[in-house]
Amino acid sequence: MNQEIISEIHLTLYSDIKYLDIVQAVSDSFSNMAGFNDEDLYWVGLSVREAVTNAILHGNKNDSTVPVDLSFRQEEHRLVVTVTDHGEGIDESMLPDPLDPEHLLKPGGRGIFLVKSFMDNVFFNTPSGGWNRISDGETY
Amino acid sequence: MNQEIISEIHLTLYSDIKYLDIVQAVSDSFSNMAGFNDEDLYWVGLSVREAVTNAILHGNKNDSTVPVDLSFRQEEHRLVVTVTDHGEGIDESMLPDPLDPEHLLKPGGRGIFLVKSFMDNVFFNTPSGGWNRISDGETY
Amino acid sequence: MKIETRTIDGVTILDVSGKITLAEGSVDVKKSVRDLLDSGRNQILLNLGDVKYIDSSGIGELVSSFTTVTNKGGKLKLLNLTLKIRELLAITKLLTVFECFDDEAEAVKSYS
Amino acid sequence: MKIETRTIDGVTILDVSGKITLAEGSVDVKKSVRDLLDSGRNQILLNLGDVKYIDSSGIGELVSSFTTVTNKGGKLKLLNLTLKIRELLAITKLLTVFECFDDEAEAVKSYS
Ligand SMILES: Nc1ncnc2c1ncn2[C@@H]1O[C@H](COP(=O)(O)OP(=O)(O)O)[C@@H](O)[C@H]1O
Ligand SMILES: Nc1ncnc2c1ncn2[C@@H]1O[C@H](COP(=O)(O)OP(=O)(O)O)[C@@H](O)[C@H]1O
């Protein structure tokens, strides 16, 4: 279903975690403009931060010459965030479940799980292409 | 003189003043990352806000389908901000001096003056092309 | 932006808070001032102490409010400039135009 | 992030403030905990009341600090979870792993 785009911005940064606070500031500011309440704004911001962290570390292997592209789109009933890196993409079926007792005490592996907890839809372009798309609000 | 780029981001938005708070959040966050003190961060943010306001209103004539491109670049001794719109550009020699007694009580005409007051260098691409480039720190 | 109005000794004080910017609708200041003039009140004091941010459009609103009031034979003065607003008015030479106060009682007295 | 250390009745309390994120160096928590273990202190209480933000990397640090301390025969518990941290630990089922307290005296007593 084609929905009207109310607001849209694009941000390009490079693969260095020093940019994460800027990413979060943009997310917060966009959510604010879109009229999100503080609670939604917070969890969207965390989700975006996690997705961009993954794009930097896993997708682009922390190579600071490689860009990460981020777009925020406000439609009437949802927010769509797209994070694009230049890696291999994610094979979702390979992701271990962090709630599994076997994984519960692992130091990592909770990023994507959190994104999926807070955003209504999460898409990965697999097996290659390296983008993920998260949206909050009504389903497609 | 070619200087090393330490940090760089690009932001694209559309010509609607509702995006100005996002622009300012990005500016503040970038200045913060670059280690600016609160005072410098504030005046850089205001300058960027004024330049983008002009790009939206004068350059792109408030047409919300037309993008404004913004880039922030941190070099060793300066910050370079480039604002690009799709208008005709500015002929600097045509700008009235807002300090002139004749203009002192005009409601408008202080935006570019403020940008020039707070940034060390301001360039306009004239007569056509519609970008302006402002930098803070050492001269070229 | 929020504007509250109160009157002391015939002087109408507008307590402005928030941002006076293009995006926030800087025209609200001008509109409030116009409404006051329409209702016959032209001794006006703008309290800017709680203004968190102002841009060139906001400065423009202060100037045009000033000229509108002056043209109607009234007086518009400023109270409690923040450091940032003071600096902006200094740079734009508008400190030479506006009468500015840091003390409300003194400001009110200056109208009589 | 800032970490201050104090000891009450043999329990070492780490007052953590600021952000526990990848970008802020979330490893600092783990490092502080390691240093404590090296100096023979293994009854540890992490006070998270002033933690403004935590991401999945920060949660990972809490978990690995927990396992390190437990493996050395010590105890690591949490004090003053913010609502956001509590929600994150609930979602990730880590509330079932960590012993959490809202009262410092009670937390300290639980070690004896
Ligand atoms: N953008 C990405 N590109 C490639 N692989 C990714 C990407 N994001 C996540 N992954 C893979 O998925 C795994 C799980 O990610 P995540 O749940 O965020 O936990 P963590 O980052 O702590 O490992 C990562 O370890 C990585 O192998
Ligand atoms: N990006 C731009 N493109 C085209 N013209 C511009 C641009 N920015 C400014 N101008 C011109 O320069 C004039 C002065 O701009 P400024 O000093 O910002 O004051 P104001 O916007 O209040 O008029 C504008 O009125 C406009 O005619």
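Read-outs throughout are calculated quantities, based only on the coordinates presented, and are distinct from any laboratory measurement. These figures come from a predicted structure and were not determined experimentally. So basically every Cβ, Gly included, is an ideal-geometry build from the backbone, and we count neighbours across all protein chains shown.
Considering only C-alpha atoms, what is the centroid distance from the stretch B:73-87 to the stretch A:47-62, in Å? If we compute the Cα centre of each part, the gap is 26 Å. Computed over the protein assembly as shown, the per-residue total of -39500 (n - 2.57) for DSSP H runs of n ≥ 4 gives a 222 nm mean residue ellipticity of -10000 deg cm²/dmol, rounded to 500. The Cα atoms of the stretch B:38-111 give a gyration tensor whose axes a ≥ b ≥ c have a/c of 1.5 or more with a/b no greater than b/c, which makes the shape oblate.
Label-to-label distances for residue D:31 across copies, nearest first, come out at 5.4 nm, using points 7 Å from Cα in the beta-carbon direction.
A Förster radius of 25 Å combined with the Cβ-Cβ distance from residue A:104 to residue D:72 puts the calculated FRET efficiency at roughly 0.80.
Shape analysis of chain D places it in the rounded category; the axes a ≥ b ≥ c from the Cα gyration tensor give an a/c below 1.5.
Each of residue C:39 and residue A:93 was given a label point 7 Å from its Cα along the Cα-to-Cβ line. The distance between the two points is 7.2 nm.
Which of the three applies to the stretch C:48-112, rounded, prolate or oblate, going by the alpha-carbon gyration tensor with a ≥ b ≥ c and a/c under 1.5 meaning rounded? Taking the square roots of the gyration eigenvalues as a ≥ b ≥ c, the stretch C:48-112 is oblate. Residues A:58, A:103 in ascending order of nearby Cβ atoms (within 10 Å, fewest first): A:103, A:58. Inter-copy label distances for residue B:38: 2.1 nm (label point placed 7 Å from Cα along Cα→Cβ; shortest first).
For the stretch A:3-27 and the stretch C:24-71, write down the distance between their C-alpha centroids in whole Å. That distance is 36 Å. Only Lys, Arg, Asp and Glu carry charge here, each on its Cβ (+1 for the first two, -1 for the last two); on that basis chain D has a dipole of about 280 debye about its Cα centre. Placing dummy labels 7 Å off each Cα toward the beta-carbon, the span from residue C:109 to residue C:31 is 3.7 nm. The order of C:101, A:30, going from fewest to most other C-beta atoms within 10 Å of their C-beta, is C:101, A:30. By the beta-carbon count within 10 Å of each Cβ, the least crowded to most crowded order of A:11, C:83, fewest first, is C:83, A:11. Among chain C residues, the beta-carbon with the smallest distance to the axis carrying C onto D is reported, with distance in whole Å, as C:52, 11. Each residue, residue B:77 and residue D:84, gets one label point 7 Å from its Cα in the Cβ direction; the gap between the two is 3.9 nm. Looking at the protein assembly as shown, the DSSP beta bridges with both ends there are about 70 percent antiparallel. Note on residue A:12/residue B:32: beta-carbon distance plugged into 1/(1 + (r/R0)^6) with R0 of 22 Å gives a FRET efficiency of 0.70. A point 7 Å from Cα along Cα→Cβ stands in for residue B:95, and the other copies hold the same point at 4.9 nm, listed in rising order. Neighbouring Cβ atoms from other chains, within 10 Å of the Cβ of residues in B:10-23, number 6 on average. Membrane-span-like helices in chain D, defined purely by DSSP H runs whose alpha carbon atoms cover 15 Å or more axially and whose average Kyte-Doolittle hydropathy reaches -1.0, are D:27-38, D:56-71.
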